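> The following block contains the structure, expressed as structure tokens.
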Amino acid sequence: MNEEDSTGLAGTSIIEFGTSNGVMADLNGNYKIIVNDTATFLEFGFIGFVPRKVPINGQTVINTSLKSYIIYEAFDQKIGLFLQSGLVNAPYGIRFYYSTPVVGPLSVGFQVAYMTDFELNQRFDASLNLSSYRFMLGPGVWLYGSVDFNYRKLIIQNSIDMVSYSIENYARIYNHNAILGLGKIKYSPEYSDKNAGYGIIAGYKKDFQKLNYLALTYKMGFYNETIEYLLQIDVPIKRVKTFVAFNKIDDYQEIMVGIGFKTYYYYRYQKNANKY
């Protein structure tokens, strides 16, 4: 029977475990099967339900229930940790990523990264990601999207001291992502000669399925007389994730490299959802 509403499951298969001896339940979920004297289990199965093995233990009447198989959408449910280095200014760093299970239409992810030279130079990045909305553009053609909220604090001796904020929308069709957002740069008082203010962010991201989902991202931010450039290549090597990025704004230039992992995870309640 169905565990949720106690109704019979017509067509349920009942098999003497380890043999080909089996029958199917009638329209009311009832069945009759003759088993060997040495039989130990009956296995019950129905499409869309979790199979169940029930010990016989000398019983002549065995009733049981099946529960619906639960599919968790874990495409964005990941955790990641990277060691990273800024080869020009801040050679020591770390990056952590985490995203929640899907709640309604959304999953929520956040990422924090920090690099330093253990003296003055330091860079701190934090982002909050909301994904994903989707719209059908045509038969089999979907537009997917996510929104990132970003914060960055950057201090490089005799070069730059600033914070930046941005909101960026990623709109994806197949493996193509168009990036469009709004950002703001604010410099510390000693850099009052630099042009702070709001700006437009635009870019493009491409995922290459045939290259094990290698990803190429290019973004530009236009702030008054200042232009920021970011180029990043993510290269998965089996279970190891690596990336190389170049970032330039004003006199600041940095080449960042990282190695680590980003993998799917499941909570205990998810692992146990399809078990008895």
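> Filter the range 140-158 for residues that are closer than 23 Å to LEU106 by Cα and not in a strand (DSSP E or B) and give the result.
Scanning the range 140-158 gives a single hit, GLY140.
> Now, a different point. Of the residues GLU168, GLU190, which is open to solvent by 80 Å² or more (accessible area, probe 1.4 Å), of a type outside the set (Ser, Thr, Tyr) and in contact (Cβ under 8 Å) with a residue 12 or more places away in the chain?
When all the criteria are applied, what remains is GLU190.
> I want to confirm something. Restricting to the range 222-258 and keeping residues that are open to solvent by 50 Å² or more (accessible area, probe 1.4 Å) and outside any strand (DSSP E or B), which single residue is modelled with the highest pLDDT?
ASP251
> Of the residues that sit in the range 259-276 and are within 21 Å of the chain's Cα centre (by Cα) and basic (Lys, Arg), which one is surrounded by the most Cβ atoms within 10 Å (Cβ to Cβ)?
LYS262
> When you scan the range 143-155, do you find a residue that is of a type outside the set (Lys, Arg), out of contact with any strand residue (DSSP E or B) (no Cβ under 6 Å at 6 or more places or on another chain) and open to solvent by 70 Å² or more (accessible area, probe 1.4 Å), even just one?
The answer is no, given that none of the residues of the range 143-155 is of a type outside the set (Lys, Arg), out of contact with any strand residue (DSSP E or B) (no Cβ under 6 Å at 6 or more places or on another chain) and open to solvent by 70 Å² or more (accessible area, probe 1.4 Å).
> Give the number of residues within the range 101-116 that are within 22 Å of LYS271 (Cβ to Cβ) and either open to solvent by less than 40 Å² (accessible area, probe 1.4 Å) or touching an Asp or Glu at 6+ places or on another chain (Cβ under 7 Å) (or both).
4
> Only residues in the range 49-67 that are of a type in the set (Lys, Arg) count as the first member; pair them with residues that are surrounded by 15 or more Cβ atoms within 10 Å (Cβ to Cβ) and assigned to a strand (DSSP E or B), Cβ under 7 angstrom, at least 6 apart or cross-chain, and list the lot.
As it stands, the answer is ARG52/PHE44; ARG52/LEU66; LYS53/PHE41; LYS53/GLU43; LYS67/PHE49, since those pairs meet every condition given.
> Can you tell me how many residues within the range 149-174 are within 21 Å of the chain's Cα centre (by Cα), β-branched (Val, Ile, Thr) and at pLDDT 95 or above?
1
> Answer yes or no: is there a residue in the range 202-216 that is closer than 20 Å to ARG123 by Cα, part of a strand (DSSP E or B), modelled with pLDDT of 90 or more and more than 21 Å from the chain's Cα centre (by Cα).
no
> Please go through (1) without any contact (Cβ under 8 Å) to a residue 40 or more places away in the chain; (2) charged (D, E, K, R); (3) loosely packed, with under 11 Cβ neighbours inside 10 Å for GLU4 and return the number of the only condition it doesn't satisfy.
Of the numbered conditions (1) without any contact (Cβ under 8 Å) to a residue 40 or more places away in the chain; (2) charged (D, E, K, R); (3) loosely packed, with under 11 Cβ neighbours inside 10 Å, the odd one out for GLU4 is (1).
> Same structure again: Identify, from the list GLY11, GLY18, the residue that is assigned to a loop (DSSP other than H, G, I, E, B) and either under 15 Å from THR60 (Cβ atoms) or open to solvent by less than 40 Å² (accessible area, probe 1.4 Å) (or both).
Exactly one of GLY11, GLY18 is assigned to a loop (DSSP other than H, G, I, E, B) and either under 15 Å from THR60 (Cβ atoms) or open to solvent by less than 40 Å² (accessible area, probe 1.4 Å) (or both), namely GLY11.
> Let me ask something else about it. Name every residue in the range 236-258 that is within 18 Å of the chain's Cα centre (by Cα) and touching a residue at least 40 places away in the same chain (Cβ under 8 Å), in order of residue number.
Selection gives LYS241, PHE243.
> Taking interchain pairs and intrachain pairs at least six residues apart, which have beta carbon atoms under 7 angstrom, with the first residue in the range 21-42 and free of Cβ contacts under 8 Å to residues at least 12 places away in the same chain and the second part of a loop (DSSP other than H, G, I, E, B) and among the aromatic types (Phe, Trp, Tyr)?
Partner pairs satisfying both residue conditions: VAL23/TYR31.
> Within the range 27-41, is even one residue surrounded by 14 or more Cβ atoms within 10 Å (Cβ to Cβ), assigned to a strand (DSSP E or B) and of a type outside the set (Gly, Ala, Ser)?
yes
> Moving to a separate point now. Of all residues in the range 175-188, which are more than 17 Å from the chain's Cα centre (by Cα) and outside any strand (DSSP E or B)?
Within the range 175-188, SER188 is the sole residue that qualifies.
The values are calculated or read from the model by the stated rules, or taken from the named source; none is laboratory data. What you see is a predicted model; the values in this text were computed from it and never measured. A quick note on method: Cβ atoms are made from the backbone with ideal geometry, for glycine too, and the neighbour counts reach across all protein chains shown. Note: accessible area is taken over every heavy atom of the protein model, side chains too, but ligands, DNA and RNA are not part of it. Shrake-Rupley method; radii C 1.70, N 1.55, O 1.52, S 1.80 Å.
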